[in-house]
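Read the figures in this text as sums done on the coordinates, not as results from a lab. Here the structure is a predicted model, which is why all the values come from computation and not from measurement. Quick reminder, even Gly has a Cβ in these numbers, built from the backbone with ideal geometry, and neighbours come from all protein chains shown.
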Amino acid sequence: MRWRELLFQNLWWKLLAFLLAVMIWSGAQKFEVRPFVNPLNLAETRTFLDIPIRGLGAPDHLRPVRFNPATARVEVEGPASLMLRLRGDDVLVYVELIPGASVGRTDVRLPRGLKLIEVHPAHVDIQDLP
């Protein structure tokens, strides 16, 4: 008998509270939540010249090679706080060495939070050394 009293006591106030909660919830669903952007931490672009190109591959595919060209130009974008600390050593340009391949595609590995804008050249010639 006690639960019936709890349920029906002040029933109109409970229905009004429920109706207001549904209205507030449905109104909140219409708003798009945008992530906070710190105006002091805007994105910057930086270009690195003469980053050496390295060869990566499985140990049985590694061989002495020369890349033509031997260096790459890399343009990256990221928050100013990361760009201030970024050095050329943090940017890795590599070519995956595949047996018999004479041309390789350059790939870039960057620290987390940075975005690659451009790498030049996109492909390099691979020359086997004697």
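One table, with the values for the structure above:
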{"item": "Which numbered condition Thr45 misses (of (1) in contact with an Asp or Glu (Cβ under 8 Å, 6 or more places away or on another chain); (2) outside any strand (DSSP E or B); (3) among the hydroxyl-bearing types (Ser, Thr, Tyr))", "result": "(2)"}
{"item": "Enumeration of residues in region 111-130 that are buried (at least 17 other Cβ atoms within 10 Å of the Cβ) and within 28 Å of Ala43 (Cβ to Cβ)", "result": "Leu114, Val119"}
